[in-house]
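A.B. asks: Below is one structure. I have some questions about it.
The values are calculated or read from the model by the stated rules, or taken from the named source; none is laboratory data. Predicted model, so just to flag it, every value in this text is computed and none were measured. So basically every Cβ, Gly included, is an ideal-geometry build from the backbone, and we count neighbours across all protein chains shown. For accessibility, only protein heavy atoms count, side chains too; no ligands or nucleic acids. Shrake-Rupley method; radii C 1.70, N 1.55, O 1.52, S 1.80 Å.
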Amino acid sequence: MSLSRHSALGALAFFGMSWALTVPLTKIAVSTGHPVIGLIFWQLLIGAVITRIFLWLRKRSLRLDRAAIRHYLVIALLGTILPNSFSYLAAAQLPAGIMAITIATVPMFALLVSLALSLERLAIARLAGVLFGATAVAILVGPEASLPEPEKAAFVLIALVAPLCYGFEGNYVALWSPDRIDPISTICGASIFGTIIAGTAVWLGNGWVPMPGPWAGAEQALVASAFIHAFVYTGYIWLVGMTSPVFASQIAYVVTLGGVFLSALLLGERYSSWVYLALVLMIIGLFLVQPRQRAGLDPPPP
């Protein structure tokens, strides 16, 4: 079974905008000053429950040998615990639209890590894309007009730790991911072990976020964001299988643009012309960094 071009583009737009919705939701979730590790604990726990139910419905077991457990732990640390810790810290200080722009640096960091590991060969166009992205970040950090509170520019650099972690994660998966572990099982295992790690940190550091009981906006946003993450990731993996990784990777454009404009719409954020210039440069950089081969809409061979 394959998708028509219109269906594939519709799915790309739907999953991308759903993903973009988590940007303002994250801003709301951190707005009340909840401990970061407590928020991460609940996000991981909800994700573990959702993905475990998904595996159970498909009658698939979770692999638990030494290689698989190591894999789950690395993905939990590089994919959630470390990046979310920095993202939540930055999101509490920066407009959500700025956070959406920093998300677009993920493929740029992934390319730099790949070059360092000799997984990629240097190409002028892709190097230019990294430079466009770096220029966009410099605009966000530099001019006083770029942020409502210029003294918080350092938090842009803190926000960039998350895409750096994702860049390392992507290259780890390419190099050292064990055989015969599908993405949903990976997310499930990483969520389970990540919940154990985050739960231990919550207990030791008194970072508990009381979720049972009446929920205010922050708690509702956290739960909604966790559900959307699990749903969108599953949909993204489905889209990769139905089209191709190159076609599905274009979701980054939708997430970045959608994150900026949904934040403006839902949170009433207003940005200076510097921010929109940074957004344009980041999109250009993202376009140049993406692999250039054409992607059809037929599913790749097994």
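A.B. asks: Tell me, how many Å apart are the Cα centres for segment 157-201 and for segment 56-124?
C.D. replies: Value for the Cα centre distance between the two parts: 6 Å.
A.B. asks: Relative to the present Cα-Cα distance, how much length would full extension add between L57 and W238 at 0.36 nm per residue of separation?
C.D. replies: Value of the extension gain: 63.5 nm.
A.B. asks: What percentage of the solvent-accessible surface of segment 88-166, computed with a 1.4 Å probe over protein heavy atoms, is contributed by carbon and sulfur atoms?
C.D. replies: Details: 2410 of 3460 Å².
Carbon plus sulfur share of accessible area: 69 percent.
A.B. asks: Work out the FRET efficiency for E149 and H6 from their Cβ-Cβ distance, taking R0 = 41 Å, and round it to the nearest 0.05. Can you show the working numbers first?
C.D. replies: Working: r = 44 Å, r/R0 = 1.06.
Computed FRET efficiency for E149 and H6: 0.40.
A.B. asks: Right, next: Note down the magnitude of the dipole of the chain about its Cα centre, charges +1 on Lys and Arg C-beta and -1 on Asp and Glu C-beta and zero elsewhere, to the nearest 20 debye.
C.D. replies: Details: 16 positive and 11 negative charges, 155 e Å.
The calculation lands at about 740 debye.
A.B. asks: For every other residue with a beta carbon closer than 14 angstrom to the beta carbon of T51, add +1 if it is Lys or Arg and -1 if Asp or Glu, then tell me the sum.
C.D. replies: Working: positive: R52, R58, R60, R63; negative: D182.
It works out to a net charge of +3.
A.B. asks: Under a Cβ-Cβ cut-off of 13 Å, what is the net charge of the residues other than L112 that fall near it, where Lys and Arg count +1 and Asp and Glu count -1?
C.D. replies: Numbers: positive: R126; negative: E120.
Taking every Cβ under 13 Å from that of L112, the sum is 0.
A.B. asks: Give the accessible surface of segment 63-150 per residue, rounded to a whole number of Å², with probe radius 1.4 Å and ligands, DNA and RNA excluded.
C.D. replies: On the way: 3940 Å² over 88 residues.
Computed with neighbouring chains in place, this is 45 Å² per residue.
A.B. asks: Taking a ≥ b ≥ c as the square roots of the eigenvalues of the Cα gyration tensor of segment 1-139, is the shape rounded (a/c under 1.5), prolate (a/b larger than b/c) or oblate? Write down the numbers at each step before the final one.
C.D. replies: Details: a/c = 1.36, a/b = 1.16, b/c = 1.18.
Rounded, because the longest to shortest axis ratio a/c is under 1.5.
A.B. asks: Hey, another quick one. What percentage of the solvent-accessible surface of segment 189-280, computed with a 1.4 Å probe over protein heavy atoms, is contributed by carbon and sulfur atoms?
C.D. replies: Working: 3140 of 4260 Å².
On segment 189-280, the fraction of accessible area on carbon and sulfur atoms equals 74 percent.
A.B. asks: Right, another one. Can you run phi through the Karplus equation (6.51, -1.76, 1.60; θ = phi - 60°) for segment 66-83 and list ³J(HN,Hα) in whole Hz, with x for Gly and Pro?
C.D. replies: Once rounded to whole Hz, the list reads 4, 5, 5, 5, 4, 4, 4, 5, 5, 5, 4, 6, 7, x, 9, 5, 5, x.
A.B. asks: Starting from the Cα of W215, step 7 Å toward the Cβ, then list every residue of segment 263-293 with an amide N under 12 Å from that point.
C.D. replies: No residues fall inside that zone.
A.B. asks: Within the set of other residues whose C-beta is less than 14 Å from the C-beta of L175, count the net charge using Lys and Arg as +1 and Asp and Glu as -1.
C.D. replies: Details: positive: R70; negative: E120, E169, D179.
Taking every Cβ under 14 Å from that of L175, the sum is -2.
A.B. asks: Once phi is turned into θ = phi - 60°, what whole-Hz ³J(HN,Hα) does the Karplus curve with 6.51, -1.76 and 1.60 give for every residue of segment 219-228, x standing for Gly and Pro?
C.D. replies: Going residue by residue, I get 5, 4, 5, 5, 5, 4, 5, 5, 5, 5 Hz, with x marking Gly and Pro.
A.B. asks: Restricting to Cα pairs below 8 Å that are 6+ residues apart, what does the relative contact order work out to for the chain? Please round to a whole percent.
C.D. replies: 42
A.B. asks: Under the classification rounded if a/c is under 1.5, otherwise prolate if a/b is larger than b/c and oblate if not, where does segment 126-240 fall, given a ≥ b ≥ c as square roots of the Cα gyration tensor eigenvalues?
C.D. replies: Numbers: a/c = 1.94, a/b = 1.17, b/c = 1.65.
Oblate.
A.B. asks: For log10 I(q)/I(0) by the Debye sum over Cα atoms at q = 0.07, 0.11, 0.15, 0.16 Å⁻¹, the listed values are (1) -0.28, -0.67, -1.17, -1.30; (2) -0.39, -0.78, -1.12, -1.21; (3) -0.26, -0.67, -1.31, -1.50; which was obtained by calculation from the structure presented?
C.D. replies: (3)
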